[in-house]
Amino acid sequence: MVKHKMKRAAAILLTMFALITALTAVLFTDRRANADGRLVKTSYDENFIESTYNDRSLIKKTGFAGEYALIADFDNCLTDSEESALLEILEKTAKKTHTNVGVVITRDLEGKSDKMFTDDFSDEVFGAYTKSIMLMFLNSYNVPLYSTYEDWISTDGGAVKKFQGKTTRMLNRIYDKLGEPQGNKYAYNESTHTYGGYDYASAVNEYAKCVKRYGGSGFTAVLVLFGDFIIQHPTGFLMIIAVSVFISVAIVHGKVKGYKKKAPVSASSYVDRRCTNVTRQVDQFVREYTTSHTHSSSSGGHHGGGGGGGHHGGGGGHHR
């Protein structure tokens, strides 16, 4: 009898233990603890590839402080050869712009927003308040949590002002190269042996070009802005050219018309009167008539006279 009761008690205990275990499994199926204590999403739907906390050992970094180049492909979207080639390109970009330049590709924002993750990751790998720029590609894989999150470009230190107002243009150029996905963008790509079907290699290469393009200064930066304006607003640029030509022609025509109507200039305008002396001299001789009558028989002479005058002229000059 006692043995029978003990068996029943053991069975009850085992059943309760099984129920507790099952309940625990149901409650924590969607979450598990990372080695450093963070809770990480592991599955959301049938299309989502099980996620782990981003493995920092996958980070590839080269260069020197202030000119670091970095690629963190946490989602395996680049082949090894692509990573090596792109890292070299980013290193040259970092040296040319004197800026830390990085790219991170992930499917796990580690419980943060898109902006916060990118900002924090940049601080982690480059240091806070350093002149840095970081591009983050987020592969959402239809995860509801990431439905409103986007790719992000984070700038820090001296790069904030340098790239202010330019990140949207940069992303547009990057997306043009990223292209449309080849195959299922939510699955493993058999042709490239990477996850996702986008052309990440071309996109990262364009990112490097954009950093050099918009990271310049002085006259080069002005030319870049002018070129962007022409590309983005071709109609507006043509209108500005047309208006400028019209105004120029009108001004030239007015000048030419003014020259044709201009009154002739008197020669006296070219005489410097400060250097000119004019003297007029007139000598007048009074003619005198004398009539005499004589009854003498002697002869006499005739005395005649004349009159004249002189004019003394001076020269001058015209000063332009």
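The values are calculated or read from the model by the stated rules, or taken from the named source; none is laboratory data. Just so it is clear, the structure is predicted and the values come from calculations on it, not from any experiment. Cβ atoms come from the backbone with ideal geometry, glycine included; neighbour counts cover every protein chain shown. Just the protein is used for accessible areas: all its heavy atoms, side chains included, with ligands, DNA and RNA removed. Shrake-Rupley method; radii C 1.70, N 1.55, O 1.52, S 1.80 Å.
Things to note:
- For the stretch 55-189, the calculated P(r), taken from all Cα-Cα distances in 5 Å bins from zero up to the bin holding the longest distance, is 2, 10, 19, 24, 23, 15, 6, 2, 0 percent.
- Checking the Cα-Cα distances for Lys95/Lys131; Lys92/Lys166; Lys92/Lys131; Lys61/Lys92; Lys95/Lys115 against a 19 Å cut-off, the pairs over it are Lys92/Lys166; Lys95/Lys115.
- For the stretch 58-103, the set of GluC sites (Glu not before Pro) satisfying both a DSSP loop assignment and a count of at most 13 other C-beta atoms within 10 Å is empty.
- Sequence ranges 176-183, 106-113, ranked by mean other-Cβ count within 10 angstrom, highest first: 106-113, 176-183
- In loop segments of the stretch 118-158 as defined by DSSP, the chymotrypsin sites (Phe, Trp or Tyr not before Pro) with at most 14 further C-beta atoms inside 10 Å of their C-beta are Tyr129.
- Average accessible area per residue (Å²) across the stretch 68-138 - probe 1.4 Å, nucleic acids and ligands excluded: 36
- Residue separation of Tyr188 and Lys161 scaled by 0.36 nm, minus their Cα-Cα distance, works out to 5.8 nm of gained length.
- Label point distance in nm, Ile247-Ala128, each placed 7 Å from Cα along Cα→Cβ: 5.0
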